[in-house]
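Heads up, the thing below is written out as structure tokens.
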Amino acid sequence: MEEILMTPGPVKILPRILEAMSKPVKYHRGSEFAALYSDIVEMLKEIFQTENDIFVLSGSGTCAMEAAIGNIVRTDDRVLCISNGKFGERFIEIASKYSNAVMPLRFEWGLPVAVNHVAGAIDYFEPDVVTMVHNETSTGVLNPAVDIGALVKNANAIFVLDCITSIGGDDVPVDNIGADIAIVGSQKCIGAPPGLSALSISEEAWKRITANERRKPYYMDLISYKKSFEKLQTPYTPALPLFSALHEALRIVREEGLHHRILRHRTLARAVREAASRMNLQLFPKRAYSNTVTAINLPHGITEDEMKKEMRRRGIIIVGGQDKVKGKIFRIATMGNVSADDVIYTINALEDVLISRGLLHENERGVGVKTAERIIEL
Ligand SMILES: Cc1ncc(COP(=O)(O)O)c(C=O)c1O
């Protein structure tokens, strides 16, 4: 039985992308790679909705998070790290390696960040840099990027926004938000294999990076990425097969059209949410639901490991909770090239697991699937 990956990265890889990845490797200092890289960046600009520079790094999302912080932040820079989940915490950890003046601003997991509290913290702390995660994958919450972006701009600070699980699946107008650095991962909504990340860099961010003469990263020194990009190259040998795969994945995004892709992500996430509610499950977030990953409270009567195992026996791979919410929630992602059928199979399996555990009555078999079908067909 072929298993269906409903995990928040890596995601299902379409055969076209696998094929592209297995083509003979191109020389990375030649014209073929230059054309490929140029195309990739052009297509990334469309989904980032930005005019800013974009670079692709041969490393996963965390690599780009560290590249952003490592290049921008000086030891005495004040860094306000907004956090309402595991990935917000990651920014705190990374920033603490580069600055002695990190101020974590924490919100309850499962709630979006509160704009008025952020405004107060910005007034009080006068940060040089503010970090936030747009789509907090660990809790299934979408944070108010536009509002926070406006506050950060108003304070003349640099805004670093993790859009690792939103760009390519949700509407992320990087320039409207005013994100000076926005980051995406290859293995999420774009639907490419894991191993690459990309980040956009604004004029303001460049000013700080250039002024930061003692910036610490060597492999991820963004100035060397900028210089190499003049020749449409990367400073060091790129993960060539992954670049080919990313190129094909982005072509698929373009063929689908960003608008349709966002709509599909929103519809499929809504189908999961409403089907779950119809099966008497409770969503973990109280509001501000992610359009790419749904976090659901584990009902009494089944553990996280049992839920994952039971779903896997039915051919569906899902994930549990992380850190604080481990053992309390399970998550179903609807990212990338996930199809309506994938979602229906998943809901069908979930229904079956719940019935087998006595958590849903046999009479109710089909309620989740019907709900999901109705939403998908709307
Ligand atoms: C919001 C968010 N930020 C950062 C990361 C880290 O990305 P990676 O595992 O690609 O390094 C993830 C991965 O799940 C994520 O969902």
Residue that is farthest from the ligand (Cβ to nearest atom), among those in the range 47-56 that are over 19 Å from Gln233 (Cα atoms) and not hydroxyl-bearing (Ser, Thr, Tyr): Glu51
Within the range 313-336, considering residues that are open to solvent by 20 Å² or more (accessible area, probe 1.4 Å) and within 16 Å of the chain's Cα centre (by Cα), the one nearest to Glu136 (Cα to Cα): Gln322
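Among residues belonging to the range 57-69 that are out of contact with any Ser or Thr (no Cβ under 7 Å at 6 or more places or on another chain) and not hydroxyl-bearing (Ser, Thr, Tyr), point out the one that is nearest to the ligand (Cβ to nearest atom).
Met65
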Count of the range 112-126 residues which are open to solvent by less than 40 Å² (accessible area, probe 1.4 Å) and under 30 Å from Gly169 (Cα atoms): 6
Unmet criterion (only one of (1) hydrophobic (A, V, I, L, M, F, W, C); (2) within 16 Å of the ligand (Cβ to nearest atom); (3) more than 19 Å from Thr137 (Cα to Cα)) for Ile17: (2)
From Thr7, Thr62, Thr50, residue being touching a Gly at 6+ places or on another chain (Cβ under 9 Å), among the polar types (S, T, N, Q) and on the phi < 0 side of the Ramachandran plot: Thr62
Per-region count, the range 118-138, residues over 12 Å from the mean Cα position of the chain (by Cα), not aromatic (Phe, Trp, Tyr) and not in a strand (DSSP E or B): 9
Qualifying positions in the range 173-192 - within 12 Å of the ligand (Cβ to nearest atom) and either β-branched (Val, Ile, Thr) or open to solvent by 10 Å² or more (accessible area, probe 1.4 Å) (or both): Ile183, Val184, Gln187, Lys188, Ile190
Unique match (being of a type in the set (Lys, Arg), without any contact (Cβ under 8 Å) to a residue 12 or more places away in the chain and open to solvent by 10 Å² or more (accessible area, probe 1.4 Å)) among Lys216, Lys226, Lys207: Lys207
Which numbered condition Val369 fails, given (1) touching a Lys or Arg at 6+ places or on another chain (Cβ under 7 Å); (2) open to solvent by 10 Å² or more (accessible area, probe 1.4 Å); (3) among the β-branched types (Val, Ile, Thr): (1)
Strands (runs of 3 or more DSSP E) wholly inside the range 154-268 that include at least 3 residues being in the same structural domain as Leu142 (by TED's automatic domain parsing) and closer than 13 Å to Leu57 by Cα: 181-185, 197-201
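The values are calculated or read from the model by the stated rules, or taken from the named source; none is laboratory data. If you're wondering where the values come from, they're calculated on a predicted model, not measured in any experiment. Every residue, glycine as well, gets a Cβ built from its backbone with ideal geometry; the counts of neighbours run over all protein chains shown. We work out accessible area using only protein heavy atoms, side chains counted, and drop any ligands, DNA or RNA first. Shrake-Rupley method; radii C 1.70, N 1.55, O 1.52, S 1.80 Å.
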